[in-house]
Structures are given as C-alpha cells and as structure tokens.
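Notes for the one structure printed next.
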Amino acid sequence: MDIKQISELFAPTIGARNVITGERLTLRGTGYCAASFDGGVLLTPGSAQDVSEVCRLAAEHGLAIVPQGGLTGLVQGTATALGQVALSLEKMNRILDLDPVQGVVTAEAGVTLQQVIDAAEPLGLAPGVDLPSRGSCTLGGLASTNAGGIQAIRYGMARDNILGLEAVLADGTILDLNNTLLKNNAGYDLKQLFIGSEGTLGIITKITLRLHSRPSSVQTALIGCAGTEDLFQVLASARKAFGGSLLSFEAMWPEFFIQIATHLGSSLVSPDCGIYGVIETGHWGDTEHEDALTTFLAGCFEDGLLQDGTVAQSETQRRTIWQLREDADVIESPNGPCLSYDVGLRLHDIPG
Ligand SMILES: Cc1cc2nc3c(=O)[nH]c(=O)nc-3n(C[C@H](O)[C@H](O)[C@H](O)COP(=O)(O)OP(=O)(O)OC[C@H]3O[C@@H](n4cnc5c(N)ncnc54)[C@H](O)[C@@H]3O)c2cc1C
C-alpha cells in the first residue's frame with residue numbers, strides 16, 4: 001500500500017486530522033531517531049478504542065505499526081520505513097487518577113514523566129523512575145524500554161515501579177492488566193511481558209505507576225576518586241551508611257566529565273581525578289540528618305578514598321552537578337553523529 005492508500009484506510013476510523021502525512025509530517029521533529037517518520041504516515045489516535053480499531057485494520061492489511069512516545073529513545077526503536085505506520089500516543093495524555101494514600105497514579109500512556117512529577121509533587125510524592133529526558137519521555141516509552149534512570153539504585157527500573165497496564169494487541173484486543181494493588185499475588189504477572197518489549201507485543205495505552213514519598217530535603221555531592229576501586233569502596237560505604245536514603249550513585253569517566261565540565265564552565269572539582277561520581281541522599285521528616293552526606297564524605301577523605309569532592313550548598317549548585325551528569329547532548333552534538341548505547345556490567349567487570 002502507498003501512503004495515500006494507508007491514509008484512506010485509517011481516516012474514516014480515527015478522523016482525517018489524526019492521519020498526518022506530507023508537509024504536516026515533515027514539519028515535526030523526529031526526536032532522537034532521524035527515521036521516525038520515514039514511513040510517511042503518522043496516526044494520532046485519542047483512545048484505546050481507537051488504537052484497537054487501528055490495530056485491527058492494520059492486521060487485516062498486513063501493515064506494521066510502530067508505537068511512538070516522546071521520541072527520546074536512543075536506539076532507533078521508533079524508526080519506520082515505507083509501508084509501516086507510526087502511531088503516536090501524544091493525544092492520550094491525561095492523568096486519570098492519583099491516589100495519594102495508596103501512592104499510585106493511573107495515566108494514559110502518552111503522559112510525560114514530567115507531568116507525573118508535577119502532579120505528585122504537591123502531594124509530597126514522586127515517581128521512583130527519573131531520567132534526564134523527563135520533559136519529553138512518556139509513560140508508554142518508559143514501560144516499553146524498561147527505563148532505569150538516575151534513581152534505579154533506590155527504586156529499581158520501570159519494571160519495579162509499574163503496578164499495572166493496559167495494552168492493545170495486534171488483532172485489536174484490549175488487554176486489561178491494570179492492577180492497582182501493591183500486594184497482588186494472583187497468578188501470572190502478564191504485564192511484565194510488555195515491560196521492556198519495545199512495542200513488539202502490543203501498544204501500551206494506560207499505566208498504573210507506584211509513587212513514593214518525596215524526601216523533605218536532599219543532599220547532593222560531586223566527588224572525584226583515583227579509580228574505580230576507590231569509587232566502589234565509596235559506594236559500598238554509602239550503602240551501609242545511608243541504606244534506603246541513598247537515592248543516586250552515578251559514575252562518570254574523565255573523557256566524558258572533562259568535556260562537559262569545560263562546556264558548562266564548571267570547576268566544582270579538580271579535572272585531574274581518575275573517575276567522578278554524583279551521590280544524592282534523601283531525608284524525610286526532621287532535618288536532623290541534613291549534613292550526613294558531608295560527614296560521610298569527610299570520612300571517605302580520611303580513608304584516602306577521595307581525591308576531591310564538594311557538597312551542593314544551594315539548589316543552583318545541585319542543578320549544576322546534575323547538569324554535569326545529564327546534559328550529554330551538549331558535547332555529543334558538536335562532535336558529530338554519535339552511536340549511543342547502554343551496556344550493563346557487574347561492578348567487578350567495569351575496570352576491565
Ligand atoms: C537525555 C536523555 C537521557 C536519557 N536517560 C536515560 C536513562 O537514564 N535511563 C534510560 O533507561 N533511558 C534513558 N534515556 C532513553 C529514553 O529517554 C528512554 O528510553 C525513555 O523511556 C523513552 O521514552 P519515550 O516516550 O521517548 O519513547 P520513544 O523514544 O518514543 O520510544 C522508545 C521505544 O518504546 C516504544 N514505545 C513507545 N511508546 C510505546 C507504547 N505506548 N507502547 C508500546 N511501545 C511503545 C517505541 O516503539 C520504541 O521502541 C535517555 C534519553 C535521553 C534523550
């Protein structure tokens with residue numbers, strides 16, 4: 001089928017304005033995947049029922065569908081080719097229910113992570129998954145990539161935070177796996193199949209996410225060590241010292257760190273360290289332990305584990321520390337095309 005035929009196939013079901021082709025499509029940003037719209041057709045259905053109808057029609061005509069969220073995925077998962085149809089969840093962007101007592105939020109799959117953060121914050125809650133792409137990435141994208149992010153050490157991956165979901169299968173069946181209970185041991189946990197499956201098993205249309213109590217304050221430090229061995233020792237000690245209050249522990253190698261620190265004009269720590277780290281701890285309730293991170297790092301200095309380190313003294317300084325970790329784009333873009341990939345390794349294998 002050509003682009004015109006494909007458009008005519010779906011327009012009666014979801015409305016012509018929700019079938020985007022031609023100039024309307026080329027005006028759109030393709031996100032982190034240049035081939036997002038190479039298929040020439042983008043559908044923007046507004047409900048799970050619409051998605052179901054689209055899937056049923058596509059299956060009947062042998063057309064492949066590529067679901068798209070915020071297009072922040074770095075591994076070309078949203079690419080389409082001629083004869084394939086892109087389907088964006090952008091119109092399914094409503095938070096449906098937020099229960100502060102149970103600590104769960106149910107939302108359509110096109111809701112961005114930032115929307116959830118903003119809705120939860122006034123209630124003293126926060127999602128456990130947090131990523132630098134929070135402003136654009138969607139709950140559907142988080143689920144289908146089983147995203148990790150900067151608090152995975154504390155709250156786990158998306159898989160550990162999703163209580164339930166709704167998904168549409170290729171034949172149009174709407175599968176309701178939208179459990180909202182934390183304690184649920186009833187049978188197979190089918191939703192886990194969809195988490196991390198990158199849209200290959202179905203299109204996620206709704207998600208129920210756990211929310212956690214937001215710390216009343218956080219402490220953030222940037223540290224520099226001679227090498228991975230010392231950094232791992234700091235990690236082991238931090239786990240012991242802070243337990244569940246350790247929210248983040250991120251490592252950055254000098255090849256990355258020096259470039260980004262130079263770009264941002266930041267001289268918070270010495271440029272001569274062997275490896276860098278960001279540590280963030282949270283504190284709930286009273287403020288008694290607010291300087292615990294400073295005390296902990298002083299001990300690490302005494303033990304010879306740190307070459308340099310600084311604890312953020314203001315929200316601005318905290319943001320700068322996180323910018324050093326998160327703003328990889330600013331050094332990638334000027335260096336030309338970049339192949340992005342994540343590699344998971346056991347700590348012991350990292351030095352090699
Ligand atoms: C600056 C930056 C930092 C990042 N940091 C992290 C990080 O720390 N950890 C991490 O894990 N990732 C990270 N990412 C990668 C990316 O943000 C995540 O993978 C995110 O979860 C993708 O969400 P999205 O809505 O943009 O999905 P998209 O990019 O639109 O899609 C990603 C994949 O999910 C599929 N998909 C999207 N929506 C659905 C749906 N509703 N149903 C079924 N399949 C769907 C797509 O087909 C595609 O295969 C980062 C990206 C950027 C740009």
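The values are calculated or read from the model by the stated rules, or taken from the named source; none is laboratory data. If you're wondering where the values come from, they're calculated on a predicted model, not measured in any experiment. Cβ coordinates were reconstructed from backbone atoms using ideal geometry, including for glycine residues, and neighbour counts include every protein chain displayed. Protein only, heavy atoms only, side chains kept; ligands, DNA and RNA dropped before computing areas. Shrake-Rupley method; radii C 1.70, N 1.55, O 1.52, S 1.80 Å.
In summary, the aspartates and glutamates within cross-link reach of Lys206, defined as a Cα separation below 12 angstrom excluding same-chain residues under 8 places away, comprise Asp97, Glu108, Glu166, Asp176. Modelled label positions at Lys183 and Ser340, each set 7 Å beyond Cα in the direction of Cβ, lie 4.1 nm from each other.
Candidate cross-link partners of Lys4 among the lysines, defined by an alpha-carbon separation under 28 Å and a same-chain spacing of 8 or more, comprise Lys91.
Within a straight-line Cα-Cα reach of under 29 Å, Lys240 can be paired with the following lysines, leaving aside sequence neighbours fewer than 8 residues apart in one chain: Lys183. Tell me which of Gln317, Asn335, Leu264 sits at the most positive position along the dipole axis of the range 217-349, charges placed on C-beta atoms (Lys, Arg +1; Asp, Glu -1). Going by the charge dipole, the pick is Asn335. Over the Cα atoms of the range 233-274, the radius of gyration divided by the Kirkwood radius equals 1.09; this is the Rg/Rh ratio.
Paramagnetic label reach from Asp97 (point 7 Å along Cα→Cβ; backbone nitrogen cut-off under 15 Å): within the range 159-202, residues 163-166, 176-183. Helix 3-14 and the longest principal axis of the C-alpha atoms of the chain enclose an angle of approximately 90°. Across all C-alpha atoms in the range 3-88, the radius of gyration and Dmax reach 11.9, 34 Å. When restricted to Cα atoms, the range 23-152 yields an Rg and a Dmax of 15.7, 48 Å, respectively.
Just reorder Phe301, Phe257 by solvent-accessible area, largest first, 1.4 Å probe, all chains present.
Heavy-atom accessible area, descending, gives Phe301, Phe257.
I need the fraction of alpha carbon pairs in the range 56-97 separated by more than 14 Å, rounded to a whole percent. Result for the distance tail: 57 percent.
So what does the Cα-only Debye profile of the range 217-349 read at q = 0.15 Å⁻¹, as log10 I(q)/I(0), no solvent term? The calculated log intensity ratios at q = 0.15 Å⁻¹ are -0.74.
In angstrom, the C-alpha Rg and Dmax of the range 163-251 are 19.6, 56. The angle separating the long axis of helix 315-326 from the principal Cα axis of greatest extent in the chain is about 60 degrees. Per residue, the chain exposes 49 Å² of accessible surface when a 1.4 Å probe is rolled over the protein heavy atoms with every protein chain present. Coordinate range of the alpha-carbon atoms in the chain per principal axis, descending: 70, 48, 35 Å. With respect to the chain, whose longest principal axis is taken over its alpha-carbon atoms, helix 228-242 is tilted by about 90°. Protein heavy-atom surface of the chain, 1.4 angstrom probe: 51% of the accessible area is carbon and sulfur, with nucleic acids and ligands not counted.
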